[in-house]
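The values are calculated or read from the model by the stated rules, or taken from the named source; none is laboratory data. As the structure is a prediction and not an experimental result, all values here were calculated from the model. No Cβ is skipped: glycine too gets one built from the backbone with ideal geometry, and neighbour counts run over all protein chains shown. These accessible areas exclude ligands, DNA and RNA; they are computed on the full protein's heavy atoms, side chains included. Shrake-Rupley method; radii C 1.70, N 1.55, O 1.52, S 1.80 Å.
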Amino acid sequence: NAGVTQTPKFRILKIGQSMTLQCAQDMNHNYMYWYRQDPGMGLKLIYYSVGAGITDKGEVPNGYNVSRSTTEDFPLRLELAAPSQTSVYFCASSENRVNTEAFFGQGTRLTVV
Amino acid sequence: DQQVKQNSPSLSVQEGRISILNCDYTNSMFDYFLWYKKYPAEGPTFLISISSIKDKNEDGRFTVFLNKSAKHLSLHIVPSQPGDSAVYFCAASDRATNKLIFGTGTLLAVQP
């Protein structure tokens with residue numbers, strides 16, 4: 001039981017490049033989330049999903065896209081990377097919305113230069 | 001617009017004493033609250049939670065108090081241990097949107 005797995009752990013992108021951050025969970029959780037954490041700041045919600053085929057914008061969705069074609073996977077796509085997207089990205093999943101905790105991956109440290 | 005606020009960026013306490021971490025929220029649609037602990041270079045890990053129908057939940061050394069009228073919750077750790085040194089995040093779940101919103105975190109340092 002791996003929990004929430006994020007890949008890659010580290011990545012350096014050039015301005016204007018694109019990439020996909022992968023997130024997979026093996027707990028059959030319905031809810032999945034993407035957050036970013038900037039230095040000295042809290043976790044900001046980028047996108048979230050309450051089930052396969054359903055996604056919604058969070059607090060800071062601009063510059064990102066997501067898809068949820070399966071229960072297990074929730075990839076985050078960065079198009080036209082910008083220095084402002086330099087951050088640590090965390091994926092999380094939870095069974096449902098209440099009375100259950102969200103489990104987090106180890107994070108992806110992304111630098112855009 | 002910060003819906004979940006942790007106004008103390010850092011807190012330092014002596015080993016064995018009580019640590020009190022505070023969190024305020026503005027959204028009345030929040031009905032479930034959680035505390036997470038985060039060590040450097042790791043993902044956050046769940047600590048304790050509370051439903052809005054309760055005002056207290058206890059788990060070992062950790063107790064969370066919820067004051068709905070004040071839109072305030074707090075995490076008490078007693079006795080504090082050096083291994084408790086970490087960043088603590090407060091989070092809230094919005095029943096209207098299904099969003100899970102986090103605060104900015106408080107860095108707790110427990111001095112031996």
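Does residue B:44 meet the test of being more than 10 Å from the chain's Cα centre (by Cα), within 12 Å of chain A (Cβ to nearest Cβ) and crowded, with 20+ Cβ neighbours inside 10 Å? Answer is yes for this residue.
Every residue, every condition in (1) among the hydroxyl-bearing types (Ser, Thr, Tyr); (2) in contact with a Gly (Cβ under 8 Å, 6 or more places away or on another chain), yes or no:
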{"position": "A:26", "(1), (2)": "no, yes"}
{"position": "A:36", "(1), (2)": "no, no"}
{"position": "A:55", "(1), (2)": "yes, no"}
{"position": "A:58", "(1), (2)": "no, no"}
{"position": "A:76", "(1), (2)": "no, no"}
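Scanning segment A:64-91 for residues that are more than 11 Å from chain B (Cβ to nearest Cβ), open to solvent by less than 40 Å² (accessible area, probe 1.4 Å) and either in a strand (DSSP E or B) or not polar (S, T, N, Q) (or both) returns A:64, A:66, A:68, A:74, A:75, A:76, A:78, A:81, A:82, A:87. Can you tell me which residue is nearest to the other protein chains (Cβ to nearest Cβ) among those in segment B:62-77 that are outside any strand (DSSP E or B) and surrounded by 15 or more Cβ atoms within 10 Å (Cβ to Cβ)? It comes out as B:68.
For segment A:24-50, give me each residue that is β-branched (Val, Ile, Thr) and more than 8 Å from chain B (Cβ to nearest Cβ).
A:46, the sole residue that qualifies.
Any chance segment B:7-14 includes a residue that's open to solvent by less than 30 Å² (accessible area, probe 1.4 Å) and either aliphatic (A, V, I, L, M) or under 17 Å from residue A:42 (Cβ atoms) (or both)? Step through it out loud before you land on a result.
Of all residues in segment B:7-14, those open to solvent by less than 30 Å² (accessible area, probe 1.4 Å) come to B:13.
Those left that are additionally either aliphatic (A, V, I, L, M) or under 17 Å from residue A:42 (Cβ atoms) (or both): B:13.
Yes: segment B:7-14 contains one or more residues that are open to solvent by less than 30 Å² (accessible area, probe 1.4 Å) and either aliphatic (A, V, I, L, M) or under 17 Å from residue A:42 (Cβ atoms) (or both).
Would you mind stating whether residue B:111 is facing chain A (nearest Cβ under 10 Å), polar (S, T, N, Q), over 14 Å from the mean Cα position of the chain (by Cα) and surrounded by fewer than 17 Cβ atoms within 10 Å (Cβ to Cβ)? Judged against the criteria, residue B:111 is not a match.
Within segment A:96-103, can one find any residue that is within 9 Å of chain B (Cβ to nearest Cβ), within 14 Å of the chain's Cα centre (by Cα) and surrounded by 22 or more Cβ atoms within 10 Å (Cβ to Cβ)? Show your work before the answer.
Just the residues of segment A:96-103 that are within 9 Å of chain B (Cβ to nearest Cβ), to begin with: A:97-103.
Remaining after also requiring within 14 Å of the chain's Cα centre (by Cα): A:102-103.
Among the residues that remain, those that are also surrounded by 22 or more Cβ atoms within 10 Å (Cβ to Cβ) are: A:102.
For segment A:96-103, residues within 9 Å of chain B (Cβ to nearest Cβ), within 14 Å of the chain's Cα centre (by Cα) and surrounded by 22 or more Cβ atoms within 10 Å (Cβ to Cβ): present.
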